[in-house]
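Trainee: Encoded as C-alpha cells, here's the structure I'll be asking about.
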Amino acid sequence: MDYEMDIEPSGPQVTVREAEPYRVDFKLSSVDLAFANSLRRVVLAEVPTIAVDLVEVEKNTSVLADEFLAHRLGLIPLNSKNCDQDVEYTRDCECEDHCARCSVTLVLHARCSSEDIMTVYARDLVVSGERANEWVGSPVITDPEGKGPIICKLRRGQEVKMTCIAKKGIAKEHAKWAPTAAVGFEYDPHNNLRHVDYWYEEDPIKEWPVSQNAAWEHAATPDQAFDYDAVPNNFYFDVESIGNLDPDMIIQQGIVVLQRKLASAISALSGAGDDGVAVPGDEEDMMGGVRSPDAYEPPEGIDGGFTAYANGGSSAWGASAATPYGATPYGAGGYGF
C-alpha cells in the first residue's frame, strides 16, 4: 500500500518556469519577504559587470560632441563573463592607472571615405592588448546582422578615433554597470494578504486583473476568515539580461554578493577580525562584545558621552584657549565661522 506524505521543505525551493538565453522566469519558495526583496535589489544594483569608464579622444570630426560619444560608448553592453573572479576593481589594483588585471582596452577608429552615410556600430570596437580572460570586454552583439548598437553616423571626410578603457563596477555606482534590463518581482498575486489597497472606480476585480502568476496560487474565498499572521511564501521573479551575463549567473552572483554582505555585517556586529574570529589583543567591552584596542575612546577627563570636540568639553582651540596662530582677523583667538 502506498502512502502520500506532506513533507515541509527544509530550505529555499526554486522552480524554473521559463528559461531563455537572455531571460529566466522562476518561483522562489520557503523564504521570507526580506530575503526575496534583498535578492531583487542586489541583482539590480550590486552584481559587478564591465563597462567603458574612460574614453581618450584622439580625433572626432563627427557632428556629435566628445561627451555625447563617451556617454554612448559607456552604455554599450560588454561581455562580463567571470569578471567577478578574474577582474580586479581599479581601486583595489596595485597598478598606477590601469592594467590588464583591472581593465580592458578597446579601440574605435572609423573614417567615411564615400558619399554614402557610414554607420559606426558596436562591432567596430576592437579589443586591444591583454585582458583577464578570452571573453571579458567584447561588445555584446545579439542582432541577426551582427552589428550591435549604433554609436554614430559619419559623412564623407568625417572620422572618429578613440581609445576606450573598460573597468569593473556595479550599477549602484552608475547605471551602465547594470547586468539586467529589468527584474519582475511579485508575490501574493490574488492579494489575499491585503498588502495592497487598490484604488478603483466601480469594480476592483475588473479594473485590476490578476497576473499570470495567479495560476500558481489559489484565491481566498469571500467567506474565508482573514489570517492576520499569514506571511508570503512564494515569490515570482522574471530576470531579463542585457547579454553581458547569463541570467543564471546574475542570480548566482547576486546570492554571492548577499553572502558577502551578511558575513561582513556579522563580523562587524561580533567585533571579529577579517577572518571571522576575535583578534588577539581585543578587549571585551561593557556589553560583552569584542572591542579592538584601536577603537576611538574619549580623552581622559571628558565624560557624559561627549567627544573632545562637542559641547561637553573644551577643545584645545575652544573659547578658553587661543589658536596657535594668534588672533585672527575674525576674532581674538577664534574662528570666523
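Trainee: Which whole-number percent of Cα pairs in segment 50-170 have a distance greater than 20 Å?
Mentor: In whole percent, the long-distance tail amounts to 42.
Trainee: Right, something else. I'd like to know which of Gly146, Pro77, Ala166 lies farthest towards the positive end of the charge dipole of segment 50-170, counting +1 on Cβ of Lys and Arg and -1 on Cβ of Asp and Glu.
Mentor: Highest projection toward the positive end goes to Gly146.
Trainee: Please report the relative contact order for segment 50-170, taking Cα pairs under 8 Å with a sequence separation of at least 6, and give it as a percent rounded to a whole number.
Mentor: After rounding, I find 43 percent.
Trainee: Still on this structure: Under a crude label model (7 Å from the Cα following the beta-carbon direction), how far is Ala265 from Asp223 in nanometres?
Mentor: Between Ala265 and Asp223, the simple spin-label model gives 4.5 nm.
Trainee: Still on this structure, I have one more. If we count every other residue with Cβ under 12 angstrom of Pro189's Cβ, Lys/Arg +1 and Asp/Glu -1, where does the sum land?
Mentor: -2
Trainee: Moving on. Under a point-charge model restricted to the Cβ atoms of Lys and Arg (+1) and Asp and Glu (-1), what is the dipole moment magnitude of segment 50-170 relative to its Cα centre, in debye to the nearest 20? Working shown, then result.
Mentor: Working: 15 positive and 20 negative charges, 89 e Å.
Rounded to the nearest 20 debye, it is 420 debye.
Trainee: Taking the dipole about the Cα centre of segment 86-215, with the C-beta of Lys and Arg at +1 and of Asp and Glu at -1, give me whichever of Ile117, Trp177, Val87 is farthest to the positive side.
Mentor: Ile117
Trainee: Please tell me which of these pairs span more than 29 angstrom C-alpha to C-alpha: Lys27/Lys147; Lys147/Lys168; Lys27/Lys167; Lys147/Lys176; Lys176/Lys206; Lys172/Lys206?
Mentor: As for pairs spanning more than 29 Å Cα to Cα, those are Lys27/Lys147; Lys27/Lys167; Lys176/Lys206; Lys172/Lys206.
Trainee: Ignoring any ligand, DNA or RNA, what whole percent of the accessible area of segment 50-170 comes from carbon and sulfur when the probe is 1.4 angstrom?
Mentor: 44 percent
Trainee: Loop only by DSSP, 11 or fewer other Cβ within 10 Å of the Cβ. Give me the GluC sites (Glu not before Pro) in segment 105-164 that pass, ordered by residue number.
Mentor: Listed in order of number, the matching sites are Glu115, Glu130, Glu134, Glu145.
Trainee: Give, as a single signed number, the net charge of other residues whose beta carbon lies under 13 Å from the beta carbon of Asp86, with Lys and Arg counted +1 and Asp and Glu -1.
Mentor: Net charge around Asp86: 0.
Trainee: Could I ask something else about it? Given a 1.4 angstrom probe, what's the average accessible area per residue across segment 50-170, in square angstrom?
Mentor: Solvent-accessible surface per residue comes out at 54 Å².
Trainee: OK, next. Once phi is turned into ³J(HN,Hα) by the Karplus curve 6.51 cos²θ - 1.76 cosθ + 1.60 with θ = phi - 60°, what whole-Hz value does each residue of segment 97-111 show in order, with x for glycine and proline?
Mentor: Once rounded to whole Hz, the list reads 10, 7, 8, 5, 7, 10, 7, 10, 9, 10, 10, 10, 9, 9, 9.
Trainee: Which peptide among 18-31, 213-226, 232-245 comes first, and what is the full order, when sorted by highest mean count of other Cβ atoms within 10 Å?
Mentor: Going from most to least packed, we get 232-245, 18-31, 213-226.
The values are calculated or read from the model by the stated rules, or taken from the named source; none is laboratory data. Since we're looking at a predicted model, the values are computed, not measured. Neighbour counts run over all protein chains shown; Cβ positions are idealised from the backbone, glycine included. Calculation scope for accessible area: heavy atoms of the full protein, side chains included, ligands and nucleic acids excluded. Shrake-Rupley method; radii C 1.70, N 1.55, O 1.52, S 1.80 Å.
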